[in-house]
Structures are given as C-alpha cells and as structure tokens.
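K.L.:
I have a structure I would like to understand better, so I am pasting it below and will then ask my questions one at a time.
The values are calculated or read from the model by the stated rules, or taken from the named source; none is laboratory data. Since we're looking at a predicted model, the values are computed, not measured. Positions of Cβ are backbone-derived with ideal geometry, glycine not excepted, and every protein chain shown enters the neighbour counts. Accessible surface is based on the protein model in full, side chains and every heavy atom, while ligands, DNA and RNA are left aside. Shrake-Rupley method; radii C 1.70, N 1.55, O 1.52, S 1.80 Å.
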Amino acid sequence: MEKNAAAPEKSVSFPRHSSKKNLFLSPATPRQRYETIDEEAPPESDAQDRPNDLNNSSNPAPELTLQEILDDVDRFLETFSESKETWTPPEVVPASVELLSKAVDSMITKYGRGLARFGENEEDDEPFVESVTRVSKVATVLEQFPSNSTTAMALNRTGTVLQRAMALLDEEFRNLLIFDQHEPSTAKSDNNQDHSFSSRITSKLSSFNSYSSSSAHDSCRSIQTQPPESEPDKLDEFPSLSEESITTMNKIASTMIAAGYENECCLVYSILRRNAFKSALNNLGYENISIDEVQRMQWVSLEGEIATWISVVKLCSSVLLSGERKLCEAVFASHKSLSESLFCNLISAVAIQLFNFADAVVLTKRSPEKLFKMLDMYETLRDLVPAIRNSYPEEIGKELVTEAEAARNRLGEAAVSIFCDLENSIKSDNGKTPVPSGAVHPLTRYVMNYLKYACEYKDSLEQVFVEYEKEHGTPGTTSSPFQMQLQTVMDMLDANLDMKSKLYRDPSLRYIFLMNNGRYIMQKVKGSTEIHHLMGDTWCRKRSTDLRGYHKNYQRETWGRVLHCLNHEGLQVKGKVSKTVIKERFKCFNALFDEIHKTQSTWVVSDEQLQSELRVSVSSVMIPAYRSFWSRFKQYLEGGRQLEKYIKYQPEDIENLIDDLFDGNPTSMLKRRT
C-alpha cells in the first residue's frame, strides 16, 4: 500500500472528555442526542464511495468479517501495549479501524430504528459490546498523539462513533431505570386487586403502624403482638426490576465504564434511583418538611408526621435500603468500590432527610406530652444502628451510624429534659385553693398517669439517663439513674401534697385528703409492674404505714370527741346516776354526730375499698360504744318528757348513717329522714 505523501487534511480534534460534555450535559433527551448524532454521521454509502484516506491504498479493501476486523484492530492495539513513554504516532492507521467504526455505526442505526433492542438478543449485543470496547481502546490510544498527526481523522471518527454508542447505551440505561415494570407481565389486570407499588408499600406501612407502634398511650405497649404469618410480600423484593433488566443494566454499566464514561453512567444511575427512592417515600405519605414548617405545626399534626417517619425509617432499614443495595451491587457487580460509593451516596441523602426531621422535632418547644413520641423516635433510631452495622460494610455504614447515633442522642437529651421538667411542674403547682371534699388532686392524677406511661418506656428512659450522665460527666450514685429520678419525682409529689393538705382547716378532712391521694398513688404503683419494680417493696411498705397513720389520725380527730360523750365515767353525782348528765351526754352525742354526718357525707372517697375500710373502722368503734351506752342508760330517761329529744337514734340508725359517709352526697340525711 502506498503512503500518502501529503499530510492528512487537518480537522478539529475530538478529545473524548470535551466531546462527552457537549453530548451528555445538553438539554436534549438521550433520544434527541442520539438522533442528532445519527443525522450528522456520514451516510454509509458516502463512506463507501469515499477514498481511503487512512491508508491511501489504490486497491479496495477486501471484505472482512467483524471478527477479522476485531482481530486486526487488536493487532494494532498490541503495538501500544508497552509504557506510554515509548509510544510514537503510527505512520498509518489501519483500515480496520474505519471498518470497525462503520460496523458500530451500522449496529447503532439498527438499534435506533427499532430493528433490535439492546438487552433482548445476546447475538446482537455481544458483537456490539466487543466492538464498542475496541473503539474505546483505539480512541484512548489515538488521543495521546498531537491533533495534527496522522491520527487526527481516525480520532475524530472513533470519537464520534463512541459518543453515538454511549448515547444509545445511556438512553437504554435511563429507560430501564425509569420504566421499571413493577408487576410481572403475567399479572392479571384486576381493578379489585391492586398490586401497585403504592398499595404494597402502603400495606407495609400499615403493618408497622399496627404491630410495631410504640404509642405511649397504648396500655398494652409492653406486650408487642407479632403480625400474623402471611405470604411473602412483593415489596420485600424492592426494587422490583426483572433479572433480565438488571442483567442488561449490568452490561450497559460495564460497557460505559470500560469506555471511559464512568461519571456519566454513575450520574444517571444516582439521579434516577434517588428520584425513585423519593417517589417511594412519597407513596408512604412522607414528604420532606423543613425545620421551620415543623416548628409551626400543631402538635396533633406533628404526631401524625412522627408516626409516618417512624414507619418510614423501619421500612427503609428492613426493605428499601437493602433492596437498593442489592440492585446497586448487581448493576455494578464488576466494580465493587463504585457500587459501594453509589449506594453510600444514596443512603446518605435519604438519611440526612430523615435525621433532619428528627432534629427539627427536637427543636420544637418542649412540653410533657411530647416525651413519648420522642422516645418512640429514639427507640426507632436505636434499633436502626445495629441493623446498619449488620447489613452494610463498615466503610459504608460508619458515617451513617455516626449520624444515626447523633440524632438518637439529641432525642435522648430532649427526653431527659422533658422528664426532668416534671419536677418543675410539681414545684410550680402551688395553688392556695384546696380541692373540694378532700378528693384526689388533679396534680396527683396527672403525675401518676404520666409516670405510668413513662415507665412503659423504662428501658429507654434508663438508657437515655445513663447516656446523659456519661455525656455531661455527672455519674449517678446508683446503678439506675432513672430509678433515682423517679423516686425524686415521687418525693416531690408527696411534699407537695403534704403542703396542700395544710390548706384544709378541718384536720379530719386533711387526713381524708392525704388518704385519698395516698391510696390513689399506691393503686397506680401496684397496677404498674414497672413502677412497682422501680420504687421497690420497701417504699410500698412505708407508704402503707403512712396510710394507716392517716387513718388513725382521722379516727382520733373525728370520733374521739364523740366517743367521749359515750364514756360511762362521770355520770354519777353523789353516788347516783344523774339524769341531767345523761341528758347532756345524749344531747352532745346527737349534736356531734349530726354535724359529722352532715359534713362528711359530702366528702369524697372515690376508692371503694378505702371507703369501705373507713366505714367499717368507724362502725367497729362507734356501734359497740353507742349500743352499750344506749342500752345501759336509756332506762333513766324512759317515761320522761321529750324522750326523742335526747335518744334520737337507735343503734341501727347509727349503723345506717355511717354508711352515708364519704359519698359526696349532701342530701343523704334528708333522704333518710323522709
């Protein structure tokens, strides 16, 4: 073959990286880019009629098979197998390079016109991939030489063909990622049976709400009911791409990366999978809410957002992220580090969004009712950390674990702060108006119910208090800082109730108030295994002793004077029973008993057992004393005038009237008399 004596016609150099910028960053769609390049490519007939400028041979090149062309190109590439420092521009670029470019052009046209589709036929795809790989290697070699060398025209040609090939693969890659068939092709179309991704993911969300909810106001929180056994959920296979699609994407990714288009391939994959993940979260009802929006939300609305957030985090850790990881590893199976980097970037973006919401909740105004939802969020992130460590390689999960632990710790500190504010609530409740009738004080009900719900989170509260002490360098003196905090709250409540009891002028009512509140506290403690365990048997025994003391003091203050009227001593004058003294005793008894009945019938003892105990104890003292006094001394008044004025009650009457006490009913005496 003759060499061309004159230098080849100078043309614009086409370095691959500058060319890719124009191709992939233009506003046109992949199809438009592909069609533009296709239109600019020289017609195949023109190329055949054009003289062979590359080798300037006067004899036409013999017909070669694609394999022969590839073999010839490989021999050309072998001449550049040594170090780049030893490379020199080739005197002639073999005709096989142009033939290979034309062959790839023809394949691209075949794909573009719908005569074939990449990924559907291995017989079409394998030659195309091999050819594109060779074109890429040739372009890599040729771009090392000056643009005015003998390689300029071949570089332009291979660069253009390579861009067309990458545009085709880019388009197919996008289509596979965007037009994800969520349902198998054999699925029946049934309007009454929705198998869409949205319905499946919503169903999964419902299962979390039904069986894993940590609502503080659920009395059965500690008894976590397991969901019933069911058939495997298709959502567990998220994302539901077919094996054929994944295999094709793997082939495309490997080809683009080998051709030097790694950045473009990764960019497309990252953007489209991030959009797909965002769509999945939207189908769950979760949307990205700014910190300002969270601050402005009413608590009722925010509670709903928190519940959705909890379900989303659980679903991400158990299904969505693991599915994304499997997809990423499958598509980039030959590039492990690249796969890990892409997956890490995706989950980092999702995690930042989720953790930002947790931080926004922490920044809301603190109030007692928020404790339980914050603990729910705390537990969700606490359980997420080991799931991340067990599921992802250390290099991927390390940063994510750090972020999750930081968000969890901030929630824990907020929970500690809210719980400790309970002390301030007790201290600030210093009203000077006593509760009518000595009933249970609203503060007692509030604090005990709050503690009951809080102790359902006993383990979590224990953990947050321990972490808080470690963080702030204030180790507790006990092995259970939450237990110590709980006991402090109970002591403060006792002190506050003692202060409130002194607002009652009637000492008897003061002890009724202390008994009512003390019994209420005891019942709440005994009714909660968690509180009873934390407070301990010693505390319970002391409280029982205190209650018995209040009971005795009540009897002494109320019935001591009444019993004095029924004393058999001091009734004789000069050795004889004095009718006058007996009349005064009966009269005094009647007045005292009437006053007590009138007053204490309006008092309230809501605990039926305590109410019964009080009535029984009063009856056990008063009935025998009155019966004895009545039966022994009534004879001294019988036959006299106005007997009923002094002997107003029969023993049975006293017993019946005692049963009216602590009913909170001021009309009980009137009803009995009528």
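K.L.:
Taking the square root of 5 times each eigenvalue of the Cα gyration tensor, what semi-axes in Å does the equivalent ellipsoid of the stretch 559-670 have, largest first? Kindly include the intermediate steps, with their values, before the conclusion.
P.N.:
Numbers: eigenvalues 165, 40, 24 Å².
They are 29, 14, 11 Å, listed from largest to smallest.
K.L.:
Scaled to the compact-protein estimate 2.2 N^0.38 Å, what is the alpha-carbon radius of gyration of the stretch 384-537, rounded to two decimal places?
P.N.:
On the way: Rg = 20.0 Å, N = 154, 2.2 N^0.38 = 14.9 Å.
Dividing the Cα radius of gyration by 2.2 N^0.38 Å gives 1.34.
K.L.:
Let me ask another. Between Val577 and Gln523, take the C-beta separation as r, use R0 = 35 Å, and let me know the FRET efficiency to the nearest 0.05. Write down the numbers at each step before the final one.
P.N.:
Details: r = 50 Å, r/R0 = 1.41.
For Val577 and Gln523, the calculated efficiency is 0.10.
K.L.:
Scan around Ser601 for amide H atoms under 5 Å from its own, H built in the peptide plane at 1.01 Å from N, and keep only partners 5 or more places away or cross-chain.
P.N.:
The answer is Phe662.
K.L.:
Would you please put 299-305, 161-167 in order of how densely packed they are, using the mean number of other Cβ atoms within 10 angstrom per residue and starting with the highest? Let's see the in-between values first.
P.N.:
Working: 299-305: 14.3, 161-167: 26.7.
So the order, starting with the most tightly packed, is 161-167, 299-305.
K.L.:
Taking the highest mean first, how do the peptides 433-445, 457-469 order by number of other beta carbon atoms within 10 angstrom per residue? Mind showing how you got there, number by number?
P.N.:
Details: 433-445: 17.5, 457-469: 20.1.
Packing proxy ranking, top to bottom: 457-469, 433-445.
K.L.:
So, one more: Work out how much length Arg445 to Ser348 would gain on full extension: take 0.36 nm times their residue separation and subtract the Cα-Cα distance, in nm to one decimal.
P.N.:
Details: separation 97, 0.36 × 97 = 34.92 nm, distance 4.50 nm.
Result for the pair: 30.4 nm of gain on full extension.
K.L.:
How large, in percent, is the carbon and sulfur part of the accessible surface of the stretch 291-443 at a probe radius of 1.4 Å? Show your work: numbers first, answer last.
P.N.:
Values: 3240 of 6480 Å².
The computed percentage sits at 50.
K.L.:
For the stretch 559-670, what is the accessible area per residue in Å², given a 1.4 Å probe and the full set of protein chains? Could you put the intermediate results ahead of the total?
P.N.:
Working: 6160 Å² over 112 residues.
That works out to 55 Å² per residue.
K.L.:
How would you rank 497-510, 253-266, 517-530, highest first, on the average number of other Cβ atoms within 10 Å across their residues?
P.N.:
On the way: 497-510: 16.6, 253-266: 20.6, 517-530: 18.8.
Answer by packing, highest mean first, reads 253-266, 517-530, 497-510.
K.L.:
Pulled fully out, how much extra length does the chain show between Ser290 and Lys110, if you take 0.36 nm times their separation in residues and subtract their Cα-Cα distance? Show your work: numbers first, answer last.
P.N.:
On the way: separation 180, 0.36 × 180 = 64.80 nm, distance 4.93 nm.
Extra length available between Ser290 and Lys110 comes to 59.9 nm.
K.L.:
Might you tell me the accessible area per residue for the stretch 260-408, computed with a 1.4 Å probe and given in Å²?
P.N.:
43 Å²
K.L.:
Here's a follow-up. For the pairs Lys365/Lys502; Lys427/Lys452; Lys458/Lys500; Lys365/Lys526; Lys500/Lys542; Lys598/Lys648, note any where the Cα-Cα span goes beyond 24 Å. Could you put the intermediate results ahead of the total?
P.N.:
Values: Lys365/Lys502 35 Å; Lys427/Lys452 20 Å; Lys458/Lys500 30 Å; Lys365/Lys526 34 Å; Lys500/Lys542 21 Å; Lys598/Lys648 15 Å.
Table pairs above 24 Å Cα-Cα are Lys365/Lys502; Lys458/Lys500; Lys365/Lys526.
K.L.:
When the dipole is taken about the Cα centre of the stretch 260-408, and only Lys, Arg (+1) and Asp, Glu (-1) are charged at their Cβ, what size is it in debye, to the nearest 20? Present the calculation step by step, with values, prior to reporting the outcome.
P.N.:
On the way: 16 positive and 20 negative charges, 43 e Å.
With Lys and Arg at +1 and Asp and Glu at -1, about 200 debye.
K.L.:
Over all directions, what mean area does the Cα convex hull of the stretch 260-408 project, stated in square nanometres? Walk me through the intermediate numbers first.
P.N.:
Values: hull surface 35.7 nm².
Over all viewing directions, the stretch 260-408 projects a mean Cα-hull area of 8.9 nm².
K.L.:
So how far apart, in nm, are the two label points at Gln650 and Glu638 if each is 7 Å from Cα heading toward Cβ?
P.N.:
Simple spin-label model gives 1.4 nm for this pair.
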